[in-house]
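The values are calculated or read from the model by the stated rules, or taken from the named source; none is laboratory data. Please read all numbers here as calculations on a predicted model, not as lab measurements. Because the Cβ atoms are built from the backbone with ideal geometry, glycine has one as well, and the counts that use them run over all protein chains shown.
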Amino acid sequence: MESILSKSAIILSVCLTGGAIAASTESAMADSKWGADDQLGAANLMTSERVKAAAGLVTEGKVYSLGMTVGPDTPAFPPRSLSVTVLQPNQNGNSGLGENNFTYNDDIFMGWLGIGSQIDGLGHSGIDHVYYGGRTYDDFAPASGLTELGLDNLPGLVGRGVMLNMAAHFGTDMVEEGVAYTDEDIKAAASAQGVELREGDVVLFHSNWMELLDGENPDPERFGAAEPGLGVSGAEYLAGIGVMAVGADTWGMEVVPAEEEGQAFRAHQILQPENGIYILENMDTRELAADGAHEFLFVLGQARIEGAVQMIINPIAIR
């Protein structure tokens, strides 16, 4: 685990020190198209009509869990970690509560909420401390929790899900690290798989990267050191369509190392501060890919902890 985090830290350091971020903060400072006080971003696209249409995609009733099992050894972006402690509070030396001897276990969670399968809320990614809707770090992000853009504001995400099998697109069992999904790649993959990307969609990319965690030849060090993922032109293309969320089966969703030396997580900036689009990381898309399930009902109900930036999640796809 130490070596995984060290390599990820080195990559981030190189990106951050390679030069100033080329993008201007002007687009991030502009008011949202849903109003200056908006806190939902692209979740505003979750209309009743779109939800009903997405529910119509359920023809088999098959349920796919997209969340991975998360534990203390799960590779995570540094310095994130977690631990769980199980206790039997106030039960030492007795037989429990009441005459019926009721005993129970409780658990204490200690750690970061951005580990494993997770959603990045709109308060996560910024450009020089400017975030979605032109909010600055000092305006809304005290250490005690976000005062705006917290995931407690999000009722959940329900809509049409689309899985693009990028391993199939590139003709490989697993897409290699450093491969960026461009706008042309996304268009070609969607066309080959017979799906149309639409406004309000949740778009998930499958690279088969999770095989590095629990496949036949696991390599967690490689998993956490770099990744294939969304490129800049791909992010701009999806933002232009107006998707609601973008996810992938990798820890950072976008390509690492970056396409341009000196850039750091530019696709995050395009999606979040500039367009209010949610990011889903470490989505386990393998079963969807095995079944050729490219279109489905996507359902996410995250824990609504007040002021939270990110959250560990287990979204569900139903077809």
Quiz prompt | Answer residue from the stretch 171-229, given it is among the hydroxyl-bearing types (Ser, Thr, Tyr) and touching a helix residue (DSSP H, G or I) at 6+ places or on another chain (Cβ under 8 Å) and is nearest to Ile318 (Cα to Cα) among those | solution = Ser207
Quiz item: Any idea which residue in the stretch 197-212 is nearest to the chain's Cα centre (by Cα), counting only those that are closer than 14 Å to Arg160 by Cα and assigned to a loop (DSSP other than H, G, I, E, B)?
Solution: Asp201
Exercise. Sort out which residues of the stretch 61-103 are more than 20 Å from the chain's Cα centre (by Cα) and among the aliphatic types (A, V, I, L, M), and write them in order of number.
Key: Val84, Val86, Leu87, Leu97
Quiz item: For the stretch 205-238, how many residues meet the condition of being over 15 Å from Leu280 (Cβ atoms) and aromatic (Phe, Trp, Tyr)?
Solution: 2
Exercise. Answer with yes or no whether Leu57 is farther than 30 Å from Ala226 by Cβ, in a loop (DSSP other than H, G, I, E, B) and at pLDDT 95 or above.
Key: yes
Quiz item: Of (1) in contact with a Lys or Arg (Cβ under 9 Å, 6 or more places away or on another chain); (2) outside any loop (DSSP other than H, G, I, E, B), Pro155 satisfies all except one. Which?
Solution: (2)
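This table checks each residue for (1) farther than 26 Å from Leu57 by Cα; (2) buried (at least 23 other Cβ atoms within 10 Å of the Cβ); (3) assigned by TED's automatic domain parsing to the domain that holds Pro142.
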residue: Met253; (1), (2), (3): no, yes, yes
residue: Gly262; (1), (2), (3): yes, no, yes
residue: Tyr278; (1), (2), (3): no, yes, yes
residue: Glu287; (1), (2), (3): no, no, yes
residue: Gly292; (1), (2), (3): no, no, yes
residue: Gly301; (1), (2), (3): no, no, yes
residue: Gly307; (1), (2), (3): yes, no, yes
residue: Gln310; (1), (2), (3): yes, no, yes
residue: Asn314; (1), (2), (3): no, no, yes
Quiz item: Which of the following residues is in contact with a Gly (Cβ under 8 Å, 6 or more places away or on another chain) and free of Cβ contacts under 8 Å to residues at least 12 places away in the same chain: Tyr137, Tyr131?
Solution: Tyr137
Quiz item: Hey, any hits in the stretch 111-128 for a residue that's among the charged types (D, E, K, R) and touching a His at 6+ places or on another chain (Cβ under 8 Å)?
Solution: yes
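To keep it simple, each residue is scored yes or no on (1) outside the structural domain of Glu199 (by TED's automatic domain parsing); (2) touching a strand residue (DSSP E or B) at 6+ places or on another chain (Cβ under 9 Å); (3) modelled with pLDDT of 95 or more; (4) in a helix (DSSP H, G or I).
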| site | (1), (2), (3), (4) |
| --- | --- |
| Asp107 | yes, yes, yes, no |
| Ile119 | no, yes, yes, no |
| Asp139 | no, yes, no, yes |
| Ser144 | no, no, yes, no |
| Gly161 | no, yes, yes, no |
| Ala168 | no, yes, yes, yes |
| Thr172 | no, no, yes, no |
